[in-house]
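Notes to accompany the following structure.
We did not get these values from a lab; they are worked out from the coordinates using the rules stated. Treat the numbers as computed from the prediction; the structure is a model and nothing was measured. We place every Cβ from the backbone using ideal geometry, glycine too, and count neighbours over all the protein chains shown.
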Amino acid sequence: MNRIYLILILFIFSCNTGNLTVIANLPTSLKEVSAIEISSSSNLFWVIEDAGNDNKLYGLDLNGKIDKALEVINAQNIDWEDLTTDDSGNIYIGDFGNNNKNRSKFTIYKVEHPELALKTIKAESITFSLPKNIKNQDFEAFFLLNDIFYIFSKDDKLFRVPNSIGTHQAVFITNFNLNGKHNAITSADVNNNSIILLNHDKIWKISNYKDDNFFNGDIVELMFNHSSQKEGVCFKNNKTLYLTDEKVHVEGGNLYEFELD
């Protein structure tokens, strides 16, 4: 077989993983990317790493290269798990991972206009605890809607916390049940009355809900032809998602696009 033709075949297969399209490789220095977000005030992809890594917010360019590496100097990375943004372009970091179920306090860090910072940036803190009658939870996913954070436990509970600097008790909204096994939620986003919940091999798209009765809306499960440790999702536009997965051995460590329609 012609060598150039073989290389072309390998390139095509490397850039299309099932119904996911690889648009960039993540930097090799970032092995545990746990979230992705884009904002209205910059053209960068904002990412973080989870527990055991630096308290840094990274801005990646369209080729997946690090353009900014901002140390959040008054924040601690206990277990950073997800990102969301507001209409002004501020970024919020969800420090609420709780694999060992031993945390009593959780924090959301508000970082104002990270695109303007150079090397360091300060954050404001929104802390919350769970209602006393709710057992300890592990969280990896949230989004901001109508100035309220909606925070999904990894398995089956939804809470809300106001977007207000200070200390709060989360309000329990509902239990939910996404049919089947291996349905842990690892990231979430919302756009124009559509919600996306991410799993390693699928997403759930929720629409036609009223108020915050999300799970009474229409829920469609969309499977990937690919399973990896997918930890980050955000909307590019109404029809396209950006996703990231962690690097595990030779698998993953990519930025993907996924078409909803």
Item to check | Summed residue charge, Cβ within 9 Å of THR174's Cβ, Lys/Arg positive, Asp/Glu negative | outcome: 0
Item to check | Nonlocal amide H pairs with LYS236, under 5 Å, H built at 1.01 Å | outcome: LEU241, TYR242
Checklist outcome for this item: When the charge dipole of region 34-181 is computed with +1 on Lys and Arg Cβ and -1 on Asp and Glu Cβ about the Cα centre, the Cα farthest towards its positive end, among TYR92, ILE48, GLN76, belongs to GLN76
Checklist entry - With charges only on Cβ, +1 for K and R and -1 for D and E, what is the dipole size of region 35-103 about its Cα centre, in debye, rounded to 20? => result 120 debye
Next on the checklist: If the reach is capped at under 29 angstrom between alpha carbons, list the lysines near LYS135, excluding any in the same chain fewer than eight residues apart.
Outcome noted: LYS101, LYS105, LYS110, LYS154, LYS157, LYS181, LYS202, LYS205, LYS210, LYS230
Item to check | Simple Cβ-charge dipole of region 161-261, Lys/Arg +1 and Asp/Glu -1, about Cα centre, in debye nearest 20 | outcome: 100 debye
Next on the checklist: Expected output is a single nm value to one decimal: the length gained when fully extending between ASP201 and VAL220, i.e. 0.36 nm times separation in residues minus the C-alpha distance. What is it?
Outcome noted: 5.4 nm
Item to check | the chain: relative contact order in percent, alpha carbon pairs under 8 Å with at least 6 residues between | outcome: 17 percent
Checklist entry - How much net charge surrounds ASN100 when only other residues with a Cβ under 12 Å from its Cβ are counted (Lys, Arg +1; Asp, Glu -1)? => result 0
Checklist entry - For region 200-241, which trypsin sites (Lys or Arg not before Pro) are both in a DSSP coil and crowded by at most 15 other Cβ atoms within 10 Å? => result LYS210, LYS239
Item to check | Angle between the chain longest axis and helix 3-15 axis [Cα atoms, degrees, rounded to 10] | outcome: 10 degrees
Checklist outcome for this item: In region 112-261, taking the dipole from +1 charges on Lys and Arg beta carbons and -1 charges on Asp and Glu beta carbons about the Cα centre, the listed residue (VAL220, TYR256, ALA184) farthest towards the positive end is ALA184
Checklist entry - Of the trypsin sites (Lys or Arg not before Pro) in region 88-163, which ones lie in a loop per DSSP and count no more than 12 other C-beta atoms within 10 Å? => result LYS101, LYS105, LYS119, LYS132, LYS135
Checklist outcome for this item: Any residue on another chain or 5+ positions along whose placed amide H is under 5 Å from the amide H of PHE224 is listed here as LYS202, ILE203
Item to check | Net lengthening on full extension, ASP155/ASP67 (0.36 nm per residue, minus Cα-Cα) | outcome: 28.2 nm
Item to check | Unit charges on C-beta of K, R, D, E only; dipole of the chain, Debye | outcome: 360 debye
